[in-house]
Amino acid sequence: MPEVKKIIIDENVTGQRLDNFLLNDLKGVPKSKIYSIIRKGEIRVNSKRKKPSYKLVTGDEVRIPPIKTSIRENQFVPTNIISLLKDSIVEENDDYIAINKPEGIASHGGSGISIGVIETIRNFGKAYRDAKLVHRLDKDTSGCQIIAKNNKFLRRCNKLISERKIIKTYQAIVYGNWIHNDGLYEINIKKNMLFGKERMVKISEGGKIAKTFFQAIESSSHFSLIQCELVTGRTHQLRVHLSYLGFPIVGDNKYGLKDIRLSKDSSYKKRMYLHANSFISKDLNIHLNVKSPKEFKKILKNDE
């Protein structure tokens, strides 16, 4: 029977969010279970309840209750998934791997998904066993994703992200001809419900502020290509923000429209048209750009 664990935080994980620390420490435990035990107060930091977003500091004592785990790393990962992600690597060095994540693959397992990006990369070989996500992308979002290969690099990224010194941009195909001016837009969003097994967010005055810079790139008869720069990083921020502005992302089944034409027209790829196209940090000397998939150009061209 598992026992209570008490972990003293050292400088290797200082600055890491509590939820991310637990996701890495409790390998094999579903994400939904981890958030549940945090919410119920079963996880204690210095004998106190903490939110998932709490940033750990050196000397913190994290109490973890007895919990059964399965070893995800020993779980079979199909060779075609390993090959797909290896082929998706756009840059790699001693500190990180940058991939062009395919749409349809989750960042990590949980909520009914057994294998994601991080589980697959940890199966690349011994040198990758301690790989950790720097940031997440939704399952149906493609594009640039950074995976840390050591804790020192992860700590630097966490610090820079919290200081908003890392620029992340996305491109989205939305319904309609964009009518808004280019610029910074703000809303307040709050997590409020489960959609199936996933959490959704809604516009709420009591929610956290979400800031996005939007710029129109191109339009066709029925669609627009929008460049989006995240200033904050809230759950589903771009998806709910664009929907709120009246221009939902094509193929977004949570916050978008059910377009019968899109589902019947075989010339359009069936996916959510959101792509992370850049990750830029002067402090880390990273300037990654990943072109949007060919279906983004195709949907605009075919609509003319």
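The values are calculated or read from the model by the stated rules, or taken from the named source; none is laboratory data. Every value quoted in this text rests on a predicted model; they were computed, and no experiment measured them. Here Cβ is always computed from backbone atoms with ideal geometry, including for glycine, and neighbour counts include all displayed protein chains.
Listed values, structure above:
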quantity	calculated
Any strands (runs of 3 or more DSSP E) falling wholly within region 85-184 and containing at least 2 residues that are surrounded by 22 or more Cβ atoms within 10 Å (Cβ to Cβ) and over 17 Å from the mean Cα position of the chain (by Cα)	167-175
Residue identified as within 22 Å of Lys101 (Cβ to Cβ) and modelled with pLDDT of 95 or more among Ala216, Ala276	Ala276
Subset tally (residues that are surrounded by fewer than 13 Cβ atoms within 10 Å (Cβ to Cβ) and in a strand (DSSP E or B)) for region 2-32	2
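To keep it simple, each residue is scored yes or no on (1) among the charged types (D, E, K, R); (2) more than 27 Å from Lys208 (Cβ to Cβ); (3) at pLDDT 90 or above.
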{"residue": "Arg49", "(1), (2), (3)": "yes, no, yes"}
{"residue": "Lys68", "(1), (2), (3)": "yes, yes, no"}
{"residue": "Ile82", "(1), (2), (3)": "no, yes, yes"}
{"residue": "Asp87", "(1), (2), (3)": "yes, yes, yes"}
{"residue": "Asp94", "(1), (2), (3)": "yes, yes, yes"}
{"residue": "Ile99", "(1), (2), (3)": "no, yes, yes"}
{"residue": "Ala106", "(1), (2), (3)": "no, no, yes"}
